[in-house]
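Peer 1: Structure below; questions to follow.
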Amino acid sequence: MKKAEEVSVIPIPFPTEIRPGDSLAEKLLAAMRFHNLSLKQHDVVVVKHKIVSKSEGQLVDLATITPSPASRVWARRYKLDARVVELAVAQSARIVRRKRGILITQTRHGFVCANSGVDVSNVDGGTHALLLPRDPDRSAARLRSALKRSLGISVAVIITDSFGRPWREGLSEVAIGVAGFSPLRDYRGQRDSHGYPLHASIDAVADELACAAGLVCGKLDRVPAAIIRGFLYHSGRGSAGELIRPSRHDLFR
(Lines give C-alpha, C1' and ligand atoms only; values in the text may rest on other atoms or scores of the structure.)
Protein backbone atom coordinates (compact mmCIF):
# COMPACT_ATOMS: atom_id res chain seq x y z
CA MET A 1 0.00 0.00 0.00
CA LYS A 2 1.30 3.45 -0.91
CA LYS A 3 2.30 5.51 2.12
CA ALA A 4 0.15 8.60 2.64
CA GLU A 5 1.84 11.96 2.15
CA GLU A 6 2.75 13.87 5.30
CA VAL A 7 2.05 17.54 4.72
CA SER A 8 2.95 20.47 6.96
CA VAL A 9 1.60 24.03 6.78
CA ILE A 10 3.86 26.81 8.06
CA PRO A 11 2.46 30.33 8.61
CA ILE A 12 4.47 33.39 7.52
CA PRO A 13 3.50 36.44 9.59
CA PHE A 14 4.45 39.77 8.01
CA PRO A 15 6.05 42.28 10.43
CA THR A 16 5.24 45.25 8.14
CA GLU A 17 2.41 46.32 5.85
CA ILE A 18 2.58 45.90 2.08
CA ARG A 19 2.47 49.19 0.16
CA PRO A 20 1.80 49.85 -3.54
CA GLY A 21 5.01 49.36 -5.50
CA ASP A 22 6.59 47.01 -2.94
CA SER A 23 8.32 43.91 -4.25
CA LEU A 24 6.19 41.05 -2.95
CA ALA A 25 9.08 38.60 -3.28
CA GLU A 26 11.38 40.83 -1.23
CA LYS A 27 8.73 41.35 1.44
CA LEU A 28 8.03 37.62 1.60
CA LEU A 29 11.71 36.73 1.91
CA ALA A 30 12.22 39.44 4.56
CA ALA A 31 9.29 38.06 6.57
CA MET A 32 10.74 34.55 6.39
CA ARG A 33 14.16 35.77 7.53
CA PHE A 34 12.52 37.67 10.40
CA HIS A 35 10.91 34.43 11.60
CA ASN A 36 13.89 32.17 10.76
CA LEU A 37 11.97 30.39 8.02
CA SER A 38 13.27 29.18 4.68
CA LEU A 39 11.93 27.64 1.50
CA LYS A 40 12.86 24.22 0.19
CA GLN A 41 12.75 22.75 -3.29
CA HIS A 42 9.16 21.89 -4.31
CA ASP A 43 7.48 23.75 -1.46
CA VAL A 44 4.16 25.42 -2.21
CA VAL A 45 3.99 29.12 -1.36
CA VAL A 46 0.45 30.32 -0.69
CA VAL A 47 -0.26 34.06 -0.50
CA LYS A 48 -3.53 35.86 0.12
CA HIS A 49 -4.59 38.06 -2.76
CA LYS A 50 -4.70 41.18 -0.59
CA ILE A 51 -0.94 41.51 -0.34
CA VAL A 52 -0.66 40.84 -4.07
CA SER A 53 -3.28 43.47 -4.89
CA LYS A 54 -1.71 45.98 -2.49
CA SER A 55 1.75 45.54 -4.00
CA GLU A 56 0.27 45.96 -7.49
CA GLY A 57 -1.61 49.12 -6.52
CA GLN A 58 -5.10 47.68 -6.93
CA LEU A 59 -6.48 50.21 -4.44
CA VAL A 60 -9.40 52.51 -5.22
CA ASP A 61 -10.07 55.69 -3.26
CA LEU A 62 -13.78 55.42 -2.48
CA ALA A 63 -14.03 59.23 -2.49
CA THR A 64 -13.53 59.06 -6.28
CA ILE A 65 -16.53 56.75 -6.84
CA THR A 66 -19.89 58.33 -7.77
CA PRO A 67 -22.65 55.77 -7.23
CA SER A 68 -25.45 55.44 -9.77
CA PRO A 69 -29.06 55.99 -8.65
CA ALA A 70 -29.60 52.20 -8.74
CA SER A 71 -26.59 51.59 -6.49
CA ARG A 72 -27.78 54.28 -4.07
CA VAL A 73 -31.25 52.74 -3.82
CA TRP A 74 -29.87 49.24 -3.28
CA ALA A 75 -27.34 50.42 -0.71
CA ARG A 76 -29.88 52.50 1.19
CA ARG A 77 -32.31 49.59 1.37
CA TYR A 78 -29.74 47.25 2.92
CA LYS A 79 -27.53 49.79 4.76
CA LEU A 80 -24.52 49.25 2.50
CA ASP A 81 -21.87 51.60 1.13
CA ALA A 82 -23.20 52.68 -2.27
CA ARG A 83 -19.67 53.34 -3.50
CA VAL A 84 -18.64 49.73 -2.86
CA VAL A 85 -21.80 48.51 -4.59
CA GLU A 86 -21.04 50.69 -7.61
CA LEU A 87 -17.45 49.48 -7.74
CA ALA A 88 -18.54 45.83 -7.51
CA VAL A 89 -20.95 46.27 -10.41
CA ALA A 90 -18.29 48.07 -12.47
CA GLN A 91 -15.80 45.25 -11.84
CA SER A 92 -18.24 42.53 -12.89
CA ALA A 93 -18.71 40.84 -16.22
CA ARG A 94 -22.13 39.53 -15.20
CA ILE A 95 -24.57 39.89 -12.32
CA VAL A 96 -25.39 36.34 -11.21
CA ARG A 97 -27.72 37.11 -8.30
CA ARG A 98 -28.90 40.21 -6.45
CA LYS A 99 -31.05 39.49 -3.42
CA ARG A 100 -31.44 40.55 0.24
CA GLY A 101 -28.44 42.86 0.08
CA ILE A 102 -26.15 40.22 -1.40
CA LEU A 103 -24.57 40.81 -4.79
CA ILE A 104 -23.12 37.75 -6.52
CA THR A 105 -21.20 38.48 -9.70
CA GLN A 106 -18.95 36.85 -12.23
CA THR A 107 -15.70 38.74 -12.50
CA ARG A 108 -13.77 39.44 -15.67
CA HIS A 109 -11.47 36.60 -14.63
CA GLY A 110 -14.43 34.20 -14.64
CA PHE A 111 -14.74 33.82 -10.85
CA VAL A 112 -18.22 33.76 -9.32
CA CYS A 113 -18.12 35.50 -5.93
CA ALA A 114 -19.63 38.22 -3.80
CA ASN A 115 -19.10 41.85 -4.86
CA SER A 116 -16.64 40.96 -7.65
CA GLY A 117 -14.04 40.36 -4.95
CA VAL A 118 -14.07 44.06 -3.98
CA ASP A 119 -13.06 44.28 -0.32
CA VAL A 120 -12.64 47.00 2.30
CA SER A 121 -11.58 44.85 5.26
CA ASN A 122 -7.92 44.81 6.30
CA VAL A 123 -7.15 47.70 3.95
CA ASP A 124 -7.13 51.07 5.72
CA GLY A 125 -10.29 51.34 7.75
CA GLY A 126 -12.75 52.07 4.95
CA THR A 127 -11.15 54.87 2.94
CA HIS A 128 -10.04 52.64 0.09
CA ALA A 129 -11.36 49.44 -1.49
CA LEU A 130 -9.13 46.66 -2.75
CA LEU A 131 -9.69 44.95 -6.09
CA LEU A 132 -8.57 41.51 -7.19
CA PRO A 133 -5.26 41.34 -9.08
CA ARG A 134 -5.72 42.10 -12.78
CA ASP A 135 -4.21 38.75 -13.77
CA PRO A 136 -3.70 36.48 -10.72
CA ASP A 137 -1.99 33.73 -12.74
CA ARG A 138 0.54 36.23 -14.04
CA SER A 139 1.05 37.58 -10.52
CA ALA A 140 1.70 34.04 -9.28
CA ALA A 141 4.16 33.40 -12.12
CA ARG A 142 6.04 36.63 -11.37
CA LEU A 143 6.37 35.75 -7.70
CA ARG A 144 7.54 32.23 -8.55
CA SER A 145 10.16 33.57 -10.98
CA ALA A 146 11.41 36.13 -8.45
CA LEU A 147 11.78 33.49 -5.75
CA LYS A 148 13.64 31.21 -8.13
CA ARG A 149 16.04 34.03 -9.07
CA SER A 150 16.69 34.83 -5.40
CA LEU A 151 16.92 31.30 -4.01
CA GLY A 152 17.80 29.10 -6.98
CA ILE A 153 15.02 26.63 -6.18
CA SER A 154 11.71 25.77 -7.80
CA VAL A 155 8.50 26.22 -5.84
CA ALA A 156 4.82 26.33 -6.72
CA VAL A 157 2.76 29.44 -5.98
CA ILE A 158 -0.92 29.86 -5.19
CA ILE A 159 -2.79 33.15 -4.76
CA THR A 160 -6.00 32.78 -2.75
CA ASP A 161 -9.20 34.59 -1.87
CA SER A 162 -12.13 33.75 0.41
CA PHE A 163 -15.34 32.79 -1.40
CA GLY A 164 -18.76 31.75 -0.19
CA ARG A 165 -20.22 28.49 -1.52
CA PRO A 166 -23.74 27.60 -2.69
CA TRP A 167 -25.67 25.53 -0.14
CA ARG A 168 -22.83 25.77 2.40
CA GLU A 169 -22.40 28.25 5.26
CA GLY A 170 -19.15 30.08 5.84
CA LEU A 171 -16.28 31.17 3.64
CA SER A 172 -13.54 28.97 2.23
CA GLU A 173 -10.25 29.77 0.55
CA VAL A 174 -9.97 29.15 -3.18
CA ALA A 175 -7.08 29.43 -5.62
CA ILE A 176 -7.46 32.42 -7.94
CA GLY A 177 -3.88 32.31 -9.24
CA VAL A 178 -1.56 29.35 -9.83
CA ALA A 179 1.99 28.92 -11.08
CA GLY A 180 4.34 25.96 -11.37
CA PHE A 181 1.94 23.04 -11.07
CA SER A 182 -1.34 21.56 -12.23
CA PRO A 183 -4.27 22.77 -10.07
CA LEU A 184 -6.21 19.57 -10.79
CA ARG A 185 -5.35 15.94 -10.12
CA ASP A 186 -7.16 13.59 -12.49
CA TYR A 187 -7.81 10.06 -11.23
CA ARG A 188 -10.09 9.01 -14.08
CA GLY A 189 -9.13 5.66 -15.55
CA GLN A 190 -7.33 4.53 -12.40
CA ARG A 191 -8.69 1.81 -10.12
CA ASP A 192 -9.51 2.17 -6.44
CA SER A 193 -8.32 -0.26 -3.74
CA HIS A 194 -11.19 -2.64 -4.64
CA GLY A 195 -10.38 -2.61 -8.35
CA TYR A 196 -13.27 -0.33 -9.34
CA PRO A 197 -12.38 1.98 -12.26
CA LEU A 198 -12.77 5.69 -11.46
CA HIS A 199 -14.87 7.67 -13.95
CA ALA A 200 -15.35 11.19 -12.53
CA SER A 201 -12.73 11.75 -9.83
CA ILE A 202 -10.82 15.00 -10.40
CA ASP A 203 -9.48 16.69 -7.26
CA ALA A 204 -9.12 20.48 -7.13
CA VAL A 205 -5.78 20.23 -5.33
CA ALA A 206 -5.03 23.96 -5.65
CA ASP A 207 -8.24 24.78 -3.78
CA GLU A 208 -7.47 22.11 -1.18
CA LEU A 209 -4.01 23.59 -0.61
CA ALA A 210 -5.52 27.07 -0.42
CA CYS A 211 -7.87 25.87 2.33
CA ALA A 212 -5.03 24.22 4.22
CA ALA A 213 -3.10 27.49 4.21
CA GLY A 214 -6.23 29.35 5.28
CA LEU A 215 -6.25 27.39 8.55
CA VAL A 216 -3.00 29.02 9.67
CA CYS A 217 -3.42 32.42 8.02
CA GLY A 218 -6.72 33.41 9.62
CA LYS A 219 -8.49 36.75 9.15
CA LEU A 220 -7.16 38.92 11.97
CA ASP A 221 -3.61 37.72 12.60
CA ARG A 222 -1.58 39.53 9.90
CA VAL A 223 -0.46 36.20 8.47
CA PRO A 224 -0.98 36.68 4.72
CA ALA A 225 1.16 33.77 3.51
CA ALA A 226 2.10 30.21 4.28
CA ILE A 227 4.45 27.43 3.17
CA ILE A 228 3.03 24.00 2.43
CA ARG A 229 5.69 21.32 2.61
CA GLY A 230 5.52 17.67 1.66
CA PHE A 231 2.71 17.77 -0.88
CA LEU A 232 3.69 15.95 -4.08
CA TYR A 233 2.27 18.09 -6.85
CA HIS A 234 2.59 17.66 -10.60
CA SER A 235 5.06 20.30 -11.78
CA GLY A 236 4.41 22.18 -14.99
CA ARG A 237 2.32 24.97 -16.40
CA GLY A 238 -0.88 25.61 -14.51
CA SER A 239 -3.69 28.14 -14.47
CA ALA A 240 -6.49 28.95 -12.05
CA GLY A 241 -8.68 29.12 -15.14
CA GLU A 242 -8.58 25.31 -15.22
CA LEU A 243 -10.63 25.37 -12.01
CA ILE A 244 -13.49 27.29 -13.63
CA ARG A 245 -16.10 24.87 -14.92
CA PRO A 246 -17.06 25.60 -18.56
CA SER A 247 -20.68 26.67 -18.99
CA ARG A 248 -21.36 23.65 -21.23
CA HIS A 249 -20.58 21.39 -18.26
CA ASP A 250 -22.29 23.49 -15.62
CA LEU A 251 -25.74 22.21 -14.63
CA PHE A 252 -26.59 25.39 -12.71
CA ARG A 253 -26.33 27.99 -15.47
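The values are calculated or read from the model by the stated rules, or taken from the named source; none is laboratory data. Predicted model only: the values in this text are computed from it and were never measured. Using ideal geometry, Cβ is built from the backbone for each residue, glycine included, and neighbour counts are taken over all protein chains shown. When the accessible area is computed, the model is the full protein with side chains, heavy atoms only, and any ligands, DNA or RNA have been set aside. Shrake-Rupley method; radii C 1.70, N 1.55, O 1.52, S 1.80 Å.
Peer 1: Of 78, 233, which has the most accessible area with a 1.4 Å probe, and how do the rest follow in descending order?
Peer 2: Largest accessible area first, the residues go 78, 233.
Peer 1: Taking the stretch 90-145, which trypsin sites (Lys or Arg not before Pro) meet the DSSP loop condition and have no more than 11 other C-beta atoms within 10 Å?
Peer 2: Answer by residue number: 100.
Peer 1: Of 176, 18, 65, which is the most mobile in a GNM of the chain whose springs link Cα atoms less than 10 angstrom apart?
Peer 2: Highest fluctuation of the listed residues: 65.
Peer 1: Within the stretch 11-105, which GluC sites (Glu not before Pro) sit in a loop by DSSP and count at most 16 neighbouring Cβ atoms inside 10 Å?
Peer 2: Here the sparse-neighbourhood loop sites are 17.
Peer 1: Then there's this: Before anything else, pin down the relative contact order of the chain: Cα pairs under 8 Å, at least 6 apart, normalised by residue count, whole percent.
Peer 2: Values: 470 pairs, mean separation 63.6, N = 253.
For the chain, the relative contact order is 25 percent.
Peer 1: Under a point spin-label approximation (7 Å from Cα along Cα-to-Cβ), what is the residue 63-residue 232 distance to one decimal in nm?
Peer 2: 5.7 nm
Peer 1: Further, regarding this structure: Could you size up the charge dipole of the stretch 1-138 around its Cα centre, putting +1 on the beta carbon of Lys and Arg and -1 on that of Asp and Glu, and report it in debye to the nearest 20?
Peer 2: Details: 22 positive and 14 negative charges, 158 e Å.
Dipole size: approximately 760 debye.
Peer 1: How far apart, in nm, are the 7 Å Cα→Cβ label points at residue 253 and residue 168?
Peer 2: Rounded to a tenth, the inter-label distance reads 2.0 nm.
Peer 1: For Cα pairs less than 8 Å apart in space and 6+ apart in sequence, what is the mean separation divided by the residue count of the stretch 15-66, i.e. the relative contact order in percent?
Peer 2: 55 percent
Peer 1: Taking only Cα atoms and a 10 Å spring cutoff, compute GNM fluctuations for the chain and point out the largest among 70, 141, 206.
Peer 2: With Cα springs under 10 Å in the chain, the top fluctuation among 70, 141, 206 is at 70.
Peer 1: How long are the semi-axes of the ellipsoid equivalent to the stretch 45-131, from square roots of 5 times the Cα gyration tensor eigenvalues, in whole Å, largest first?
Peer 2: Values: eigenvalues 91, 52, 23 Å².
Over the Cα atoms of the stretch 45-131, the ellipsoid semi-axes are 21, 16, 11 Å.
Peer 1: With a point put 7 Å past each Cα toward its Cβ, work out how far residue 108 is from residue 221 in nm, to one decimal.
Peer 2: 3.5 nm
Peer 1: For the stretch 13-117, what relative contact order do you get, as a whole percent, if you take Cα pairs closer than 8 Å and at least 6 residues apart?
Peer 2: 17 percent
Peer 1: At 0.36 nm per residue, and after removing the present C-alpha to C-alpha distance, how many nm does the segment from residue 22 to residue 138 gain when stretched out fully? Walk me through the numbers before you get to the answer.
Peer 2: Numbers: separation 116, 0.36 × 116 = 41.76 nm, distance 1.66 nm.
Gain on extension, residue 22 to residue 138, equals 40.1 nm.
Peer 1: While we're here: Which whole-Hz couplings ³J(HN,Hα) result when phi for each residue of the stretch 232-238 is put into the Karplus expression 6.51 cos²θ - 1.76 cosθ + 1.60, θ = phi - 60°, listed in order with x for Gly and Pro?
Peer 2: Result, ordered by residue: 8, 8, 8, 5, x, 5, x Hz.
Peer 1: In vacuo Debye scattering of the chain, one point per C-alpha: log10 I(q)/I(0) at q = 0.10 Å⁻¹?
Peer 2: Evaluating at q = 0.10 Å⁻¹ gives log10 I(q)/I(0) of -0.53.
Peer 1: Would you mind telling me the share, in percent, of accessible area of the chain contributed by carbon and sulfur at probe 1.4 angstrom? Intermediate values should be presented prior to the final figure.
Peer 2: Working: 7550 of 14590 Å².
Roughly 52 percent of what the probe reaches on the chain is carbon or sulfur.
Peer 1: Next question. Rounded, prolate or oblate: which fits the stretch 100-177 when a ≥ b ≥ c are the square roots of the eigenvalues of the alpha-carbon gyration tensor, with rounded for a/c under 1.5 and prolate only if a/b beats b/c?
Peer 2: prolate
Peer 1: So what does the Cα-only Debye profile of the stretch 37-83 read at q = 0.15, 0.18, 0.28 Å⁻¹, as log10 I(q)/I(0), no solvent term?
Peer 2: Relative scattering, expressed as log10 I(q)/I(0), comes to -0.63, -0.73, -0.95.
Peer 1: What's the extension gain from residue 245 to residue 154 if we count 0.36 nm per residue and subtract their Cα-Cα distance? Working shown, then result.
Peer 2: Working: separation 91, 0.36 × 91 = 32.76 nm, distance 2.87 nm.
Taking residue 245 through residue 154 to full extension adds about 29.9 nm, to one decimal.
Peer 1: What is the gain in length, in nm to one decimal, between residue 127 and residue 204 on full extension, counting 0.36 nm per residue of separation less the C-alpha to C-alpha distance?
Peer 2: Fully extending the segment from residue 127 to residue 204 adds 24.1 nm.
Peer 1: I need the P(r) histogram for the stretch 1-101: all alpha carbon pairs, bin width 10 Å from 0 out to the longest distance, whole percents.
Peer 2: Using 10 Å bins, I get a P(r) of 12, 28, 21, 21, 14, 3, 0 for the stretch 1-101.
Peer 1: Using θ = phi - 60° and the Karplus relation 6.51 cos²θ - 1.76 cosθ + 1.60, list the HN-Hα couplings for the stretch 58-75 in order, rounded to whole Hz, with x at every Gly or Pro.
Peer 2: For the stretch 58-75, the Karplus-derived couplings read 7, 9, 10, 6, 5, 5, 8, 9, 9, x, 6, x, 5, 5, 5, 5, 4, 5 Hz, x marking Gly and Pro.
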